[in-house]
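Scroll down for the structure; my scribbles are underneath it.
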Amino acid sequence: MGASALHYVTWKDRKEVVADLKPIYRAVNAGQAERELEEFTAKWPRYPAVAKLWRENWERVIPFFMFPPEIRKVVYTTNAVESLHMSLRKVIKTRGSFPSEEAALKLLFLALRNASAKWKAVQSWREAMNCFETLWGDRIKAAQQRN
């Protein structure tokens, strides 16, 4: 949702708006996040659509506060996914049309292969895995035994 909220923000203000949105999703609980959203709304009256989007999706946001910060950090970090989507869209747009569906799939495969060569480990993944193991170790073991 953070990325979609930025569609309403000018390039000039994006960096500052992003910095002011972080306290909302990094809050320790839903109550603090709501207070941070109020502060954001007061600071940025020029972007009411951003605060409105957060409020409209609030019921989807607050379940994340049940998780420890280590898990939340991994869940809400979508930069890698957004970067991949942007790469794939760029490849498709520059080609325009394709002679067949197979040609399009081959191009996407090559783009994925090139993108995956640049991938690195997810930041904070080890901390999240420790929390996953503590909270749901039995499920992890059961899944590993199935494989």
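The values are calculated or read from the model by the stated rules, or taken from the named source; none is laboratory data. Here the structure is a predicted model, which is why all the values come from computation and not from measurement. We place every Cβ from the backbone using ideal geometry, glycine too, and count neighbours over all the protein chains shown. To get the accessible areas, we keep the full protein, side chains included, count just its heavy atoms, and leave off ligands, DNA and RNA. Shrake-Rupley method; radii C 1.70, N 1.55, O 1.52, S 1.80 Å.
Go through the residues of segment 69-78 one by one and say whether even a single one is open to solvent by 100 Å² or more (accessible area, probe 1.4 Å), of a type outside the set (Gly, Ala, Ser) and either at pLDDT below 90 or more than 18 Å from the chain's Cα centre (by Cα) (or both). Looking for residues that are open to solvent by 100 Å² or more (accessible area, probe 1.4 Å), of a type outside the set (Gly, Ala, Ser) and either at pLDDT below 90 or more than 18 Å from the chain's Cα centre (by Cα) (or both), one finds none in segment 69-78, hence no.
All conditions in (1) polar (S, T, N, Q); (2) surrounded by 12 or more Cβ atoms within 10 Å (Cβ to Cβ); (3) without any contact (Cβ under 8 Å) to a residue 12 or more places away in the chain hold for SER87, with the sole exception of (3). Each residue in segment 2-29 was checked for being among the small types (Gly, Ala, Ser), exposed (fewer than 15 other Cβ atoms within 10 Å of the Cβ) and in contact (Cβ under 8 Å) with a residue 24 or more places away in the chain, and 2 of them qualify. A search for C-beta distances below 6 Å between a residue of segment 95-119 that is farther than 20 Å from SER83 by Cα and any residue that is in a helix (DSSP H, G or I) and open to solvent by less than 70 Å² (accessible area, probe 1.4 Å), counting only pairs 6+ apart in sequence or on different chains, returns PHE98/ALA104. Every listed requirement among (1) under 30 Å from GLU34 (Cα atoms); (2) within 16 Å of the chain's Cα centre (by Cα); (3) at pLDDT below 85 is met by ARG126 save one, (2). All of SER124, SER116 fail the test of being of a type in the set (S, T, N, Q) and on the phi > 0 side of the Ramachandran plot, apart from SER124. Here segment 31-58 is the region considered, the condition is being over 16 Å from SER4 (Cβ atoms) and either in contact with a Phe, Trp or Tyr (Cβ under 8 Å, 6 or more places away or on another chain) or of a type in the set (D, E, K, R) (or both), and the residue that is surrounded by the most Cβ atoms within 10 Å (Cβ to Cβ) is ALA33.
Please go through segment 93-135 and give me each residue that is within 30 Å of PRO68 (Cβ to Cβ), open to solvent by 70 Å² or more (accessible area, probe 1.4 Å) and in a helix (DSSP H, G or I), ordered by number. Residues satisfying the conditions are TRP125, ARG126, GLU127, MET129, ASN130, GLU133, THR134, LEU135.
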